[in-house]
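Below: the structure, in C-alpha cells.
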Ligand SMILES: [Zn+2]
C-alpha cells in the first residue's frame, strides 16, 4: 500500500477501514490525516471511529485513499459497505484492498483453526471477478494485482498466547520453528510442482496509484509478524545468512524472528 501512501500530498485524508490494529504504524506518515474505522474498538493510527462499514459517518468524496487490509472478508453487509466506500472516496482517489482467496490452503486452515471461520463471512475465489466487482462499486479503475503469500502467522504459538485468542481456537497452535520449516517446505513444493501452496490471497490496487506496482509475489513472509519483504530488500539490508548446505535464512527486520529465505520470482 506504500505505492499509494508515499505519494499523497500533505494533509491528504486516508480511511483505514476495518483493520483493528491498523494497516501501518502510527508514525509512518505524519503528514497524512488518518481515520481508522472498525466495528469494534480500533487500535489503528490517527483518529479512531467506531462504525459499521455499511453506514460510514463521513461526507461523500471526503477521502483521498481507502485501505481495506484484510477487512472485506469480514463485512456482514458487503455490498452496502462497498457502496459506502465508493461514496466516500474521491473520484481521483485510490483504494488498496487485500483479501484472502478462499480456495487456498492457508485460508482453509485459518477457517478451521478459528471458531466461526475466524469471522470470514465472505469467501472469494475468483481474482478477475472480484477485481471487476470492486472496481464497479468503487467507481475507480483496477490498476494492478499482487498475489499475497502466507506465513500462517495466525497459527504461531507465540501469537496465540492471549486467552481471548485461545478461546477462539479449535486446533492447537504450532511451535514457531516448526511453522517456519513447514512454510519453507510449502514454498519448495510451489517451486518444484508450480502449485499455490504458499499463496494466501490478493492485493488489489484501484484508482490513482502514485507509482507502478511491482506485482512480483513476495514469498518471504515473516512467520511471527506476518510482514512480507521483497527478497532484494532483505539482501540489501544484510539480514540474509547462509545456513547448512544450501538453505538460507533471514532475521525479520521488523520483529527479529528467524525465517527461511528464498528469492522472489516474477510471474510466479
Ligand atoms: Zn517479523
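Each value in this text was obtained by applying a stated rule to the coordinates, not by laboratory testing. Quantities reported herein were computed from a predicted structural model and do not represent experimental measurements. Note that each Cβ is placed from the backbone with ideal geometry, even for glycine, and that neighbours are counted across all protein chains shown.
Things to note:
- Relative contact order, percent, the chain [alpha-carbon distance under 8 Å, six or more residues apart]: 16
- Spatial extent of the chain: Rg and Dmax, with the Cα atoms as the point set, Å: 18.5, 59
- Computed extension gain for residue 243 through residue 191, at 0.36 nm per residue and net of the alpha carbon distance, reaches 16.8 nm.
- Label-zone membership for the range 159-190, site residue 108, 7 angstrom Cα→C-beta point, backbone N under 19 Å: 170-172, 182-190
- P(r) of the range 34-93 over all Cα-Cα pairs, binned every 5 Å from zero, in whole percent: 4, 19, 29, 31, 15, 2
- The range 119-172: C-alpha pair distances exceeding 19 Å, %: 54
- The packing ranking of peptides 162-169, 73-80, highest mean first, is 73-80, 162-169, where packing means the average number of other beta carbon atoms within 10 angstrom of each residue.
- Put a dot 7 Å past the Cα of residue 157, heading toward its Cβ, do the same for residue 236, and the two dots end up 3.7 nm apart.
- DSSP assigns beta bridges within the range 152-268; of those with both partners inside it, close to 90 percent run antiparallel.
- When each of the peptides 232-240, 86-94 is scored by how many other beta carbons lie within 10 Å of its residues on average, the order from highest to lowest is 86-94, 232-240.
- For the range 139-211, the calculated P(r), taken from all Cα-Cα distances in 10 Å bins from zero up to the bin holding the longest distance, is 17, 31, 27, 21, 4 percent.
- Highest-first arrangement of 33-39, 136-142, 66-72, where packing means the average Cβ count within 10 Å: 66-72, 33-39, 136-142
- C-alpha long axis of helix 176-193 to longest principal axis of the chain, angle in °: 90
- Fraction of alpha-carbon pairs over 17 Å apart in the range 88-154 - percent: 50
- From the Kirkwood radius over Cα pairs of the range 129-254, Stokes-Einstein at 4 °C and 1.567 mPa s returns a whole-number translational diffusion coefficient of 77 µm²/s.
- Residue list for the range 16-59, given a label point 7 angstrom along the Cα-to-Cβ vector of residue 10 and an amide N cut-off under 12 Å: 31-32
- Projected over all directions and averaged, the alpha-carbon convex hull of the range 1-78 occupies 4.9 nm².
- Intensity falloff of the range 44-168 expressed as log10 I(q)/I(0), Debye formula with alpha-carbon point scatterers, at q = 0.23 Å⁻¹: -1.42
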